[in-house]
Amino acid sequence: MKELIDILKRDRKLLPEEFAALINGMSEEDALYLKEQAFQVKEQFFGNKVFTRGLIEFTNYCKNDCYYCGIRKSNVNAVRYRLTLEDILSCCEEGYGLGFRTFVLQGGEDLRYSDEDIEQICRSIKNKYPDCAITLSIGEKSYESYKRYKEAGADRYLLRHETADEEHYRLLHPESLSLKERKQCLWNLKELGYQVGTGFMVGSPFQTAECIAKDLAFIKELEPAMVGIGPFLPHHDTPFKEYPKGSYELTLRMIAILRLMIPNGLLPATTALGTIHPMGREAGISWGANVVMPNLSPVRVRKKYELYDNKICTGDEAAECRSCLQRRMLTVGHEIVTARGDFIPYTFEAEGKENLCTM
Ligand code: SF4
């Protein structure tokens, strides 16, 4: 397996069957080797710096019904909320004071917000904080809508593909959603010049090593700036409530594999990782992640954005979240920096001659 890891580090890709073999056949010793290689690459590109993004979960309404999601439209027990523009701006104000230079606006696919509303949110934030990046994470939209948001100031877009295997996609989503459409959205976002993020759950129901190999092959093809992965965690009000959690260890290994695939990529140590294990985010950094995303949403709505059970950090104020993460990163020798943390394309031919820690 070490040979495959070396090839991955050198070529930044493997064949799908090699990815599947790596996932299925990795020993503890191989995993340790993988971790060391990933950490080395991360250090080479980013040193001990960790970028931070202020997450604002501004609506938990959604028109979709993904089987794994706690805020799916069929969950009648979800207590719904929307933040106003003023609420959002006050989250940004607090976040800016705490050193955030990226705001991530995340929500379900809520039809109440028109394109004009999203444009207005983007413009208002950009007017007040021109030195900050805006990331949108509001699902599948038309090319035209994505274009409008971009022109209004959005810089980045997160849209997890969740699984790149057609059959698996069908088992996780209702008929109204399709992998083809999801992928097309990602290609559209790329074409429009967004820094694009995708990702998937590790250990979602019915997932196989071959599914993950397809995820990795798709990620290689897309060449995203960001990849967010976390373990599958069940929510008690969804059709998948009885399914087991994804594997913590496999999630960490996937982060390391992604770091070798995308040395200059922005890989978050996700809240899901911190939920499945108390030291999950610290471990994520040690396995190659370089981004954390503390929550800036008002505490009164935090618990309501419950995608899965037992989500952490739902009771702390933004300042507490930030300083808690700062302390946590220090325990693994890393520091959170005040910077936009943009994706910087890298000329691999010039490897060794450039450094991405310019921020
Ligand atoms: S995963 Fe996203 S699109 Fe699917 S139901 Fe949840 S919020 Fe909506």
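The values are calculated or read from the model by the stated rules, or taken from the named source; none is laboratory data. Everything numeric in this text was worked out from a predicted model, so none of it was measured. FYI the Cβ positions are ideal-geometry reconstructions off the backbone, even for glycines, and counts take in every protein chain you see. Surface areas here come from the heavy atoms of the whole protein model, side chains and all, with no ligands, DNA or RNA. Shrake-Rupley method; radii C 1.70, N 1.55, O 1.52, S 1.80 Å.
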*Counted residues, region 304-337 - those being in contact (Cβ under 8 Å) with a residue 12 or more places away in the chain and either small (Gly, Ala, Ser) or within 16 Å of the ligand (Cβ to nearest atom) (or both)*: 11
*Within region 197-227, track down each residue that is under 11 Å from LEU159 (Cα atoms) and open to solvent by less than 10 Å² (accessible area, probe 1.4 Å).*
GLY197, THR198, GLY199, PHE200, PRO224, VAL227
*Which of the following residues is of a type in the set (Asp, Glu) and under 19 Å from VAL227 (Cα atoms): GLU175, GLU166, GLU162, GLU93?*
GLU162
*asked:* Of the conditions (1) β-branched (Val, Ile, Thr); (2) over 27 Å from SER176 (Cα atoms); (3) touching a Lys or Arg at 6+ places or on another chain (Cβ under 9 Å), THR84 satisfies every one except a single condition; which number is it?
replied: (3)
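Please go through region 52-61 and pick out each residue that is within 19 Å of the chain's Cα centre (by Cα) and within 16 Å of the ligand (Cβ to nearest atom). Can you show your working first?
Start the filter on region 52-61 by keeping residues that are within 19 Å of the chain's Cα centre (by Cα), which leaves 52-60.
Across region 52-61, the qualifying residues are LEU55, ILE56, GLU57, PHE58, THR59, ASN60.
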*Answer yes or no as to whether THR251 is under 30 Å from GLY25 (Cα atoms), among the polar types (S, T, N, Q), free of Cβ contacts under 8 Å to residues at least 60 places away in the same chain and within 15 Å of the ligand (Cβ to nearest atom).*
no
_Being away from the ligand (no atom under 16 Å from the Cβ) and touching a Phe, Trp or Tyr at 6+ places or on another chain (Cβ under 7 Å) is true for just one of LYS35, LYS49, LYS13, LYS42. Which residue is that?_
LYS35
*Answer from ARG72, ARG80 - the residue that is surrounded by fewer than 18 Cβ atoms within 10 Å (Cβ to Cβ), within 16 Å of the ligand (Cβ to nearest atom), of a type in the set (Lys, Arg) and not in a helix (DSSP H, G or I)*: ARG80
*asked:* Just to be sure I understand the filter: pairs with C-beta atoms under 9 Å, separated by 6 or more residues or on different chains, first member in region 67-78 and among the polar types (S, T, N, Q), second member more than 8 Å from the ligand (Cβ to nearest atom) and in a loop (DSSP other than H, G, I, E, B). Which pairs pass?
replied: SER74/ASP237; SER74/THR238; SER74/PRO239; ASN75/HIS235; ASN75/ASP237; ASN75/THR238; ASN77/HIS236; ASN77/ASP237
*Can you work out which of the residues in region 310-325 that are of a type in the set (D, E, K, R) and open to solvent by less than 40 Å² (accessible area, probe 1.4 Å) is farthest from GLY108 (Cα to Cα)?*
ARG322
*Considering only region 271-308, state which residues are open to solvent by 40 Å² or more (accessible area, probe 1.4 Å) and more than 22 Å from PHE103 (Cβ to Cβ).*
HIS277, PRO278, MET279
*Is one or more of the residues making up region 3-24 of a type in the set (Lys, Arg), part of a loop (DSSP other than H, G, I, E, B) and open to solvent by 10 Å² or more (accessible area, probe 1.4 Å)?*
yes
*asked:* I'm told LEU55 meets every condition in (1) in contact with a helix residue (DSSP H, G or I) (Cβ under 8 Å, 6 or more places away or on another chain); (2) part of a strand (DSSP E or B) except one. Can you identify the failing condition by its number?
replied: (1)
*asked:* Of everything in region 302-340, what is of a type in the set (A, V, I, L, M, F, W, C) and either farther than 22 Å from ASP87 by Cα or in a loop (DSSP other than H, G, I, E, B) (or both)? Give them in sequence order.
replied: LEU307, ILE312, CYS313, CYS324, LEU325, MET329, LEU330, VAL332, ILE336, VAL337, ALA339
_Within region 90-185, helices (runs of 4 or more DSSP H) holding 1 or more residues that are within 12 Å of the ligand (Cβ to nearest atom)_ = 166-172
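Can we say VAL50 is open to solvent by less than 30 Å² (accessible area, probe 1.4 Å) and in contact with a strand residue (DSSP E or B) (Cβ under 9 Å, 6 or more places away or on another chain)?
In short, yes.
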_Tally, over region 186-196, of residues that are open to solvent by less than 40 Å² (accessible area, probe 1.4 Å) and either over 23 Å from LEU267 (Cα atoms) or assigned to a loop (DSSP other than H, G, I, E, B) (or both)_ = 2
